[in-house]
Amino acid sequence: LFTPREAARAVRMGPRRRRGFTAARIALKRLARQLDLVGKNTPDRAIETLGTDEMKPCLAESGIYCSASHSGRLVVAVAHRQPVGVDVEMVSEKSVRTWSLFMSPSERDVVSLFKMGPERTATRAWTIKEAAAKALGLHLFQALREVEVVRVDEEEGVIRYQGKTYPVRHAEGNGYVITLVTCDDL
């Protein structure tokens, strides 16, 4: 399944982390095939999904922006012509209990205005921060502090980073939220 670089990274992971890493690699390799970036018969071990920085994903070294995420039994991979980030998380009370760690007081005020219920809203806010970190090329800690959640609703939202706003899209099903952030003007 793995290229030599992917295998070298995977071998340093614990079993749980390796399982998620493997699922994301499979999704990215499948996406590369769907986008005709590689031949249908190209073996998985020949499709690189690990960027040159050894962290960010890539699609067969094509230069197309991509992102992947996994949670529980779900994995998602996306591609876009501009920087993109995706996150998937199970809706849970955990996001509500910890939102003071990842949202400013003004963000919590904005989020509390929405009528989806605290678990669904806070899970969306968390996935926004994670997806934004990926799209903007930030460390998660930096995104938690510097990316501002301006609006969150059922299917859409808005973030602000360094004075610019970016669209957010959400989908929800089977107890999971998937969030997509695109940075079309970067």
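When you check T3 against the structure, is it modelled with pLDDT of 95 or more, farther than 27 Å from C183 by Cα and either in contact with an Asp or Glu (Cβ under 7 Å, 6 or more places away or on another chain) or surrounded by 17 or more Cβ atoms within 10 Å (Cβ to Cβ) (or both), yes or no? Judged against the criteria, T3 is a match.
Taking the stated definitions as given, is R12 farther than 18 Å from G85 by Cα and open to solvent by 70 Å² or more (accessible area, probe 1.4 Å)? Here the answer is yes, as R12 does meet what is asked.
Residue count for the range 26-51 satisfying the condition of being open to solvent by less than 30 Å² (accessible area, probe 1.4 Å), out of contact with any helix residue (DSSP H, G or I) (no Cβ under 6 Å at 6 or more places or on another chain) and without any contact (Cβ under 8 Å) to a residue 40 or more places away in the chain: 2.
Let's see how each residue does on (1) within 14 Å of the chain's Cα centre (by Cα); (2) closer than 23 Å to G173 by Cβ; (3) surrounded by 20 or more Cβ atoms within 10 Å (Cβ to Cβ):
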| site | (1), (2), (3) |
| --- | --- |
| V84 | yes, yes, yes |
| V88 | yes, yes, yes |
| S92 | no, yes, no |
| V96 | no, yes, no |
| S106 | no, no, no |
| M116 | no, yes, no |
| T123 | yes, yes, yes |
| I128 | yes, yes, yes |
| A132 | yes, yes, yes |
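Within the range 69-82, the set of residues being open to solvent by 20 Å² or more (accessible area, probe 1.4 Å), closer than 18 Å to G51 by Cβ and among the small types (G, A, S) comprises A77, A79.
The values are calculated or read from the model by the stated rules, or taken from the named source; none is laboratory data. Small disclaimer: the values here were computed from a predicted structure and weren't measured. Positions of Cβ are generated from backbone atoms using ideal geometry, with glycine treated the same way; all protein chains shown enter the neighbour counts. Just the protein is used for accessible areas: all its heavy atoms, side chains included, with ligands, DNA and RNA removed. Shrake-Rupley method; radii C 1.70, N 1.55, O 1.52, S 1.80 Å.
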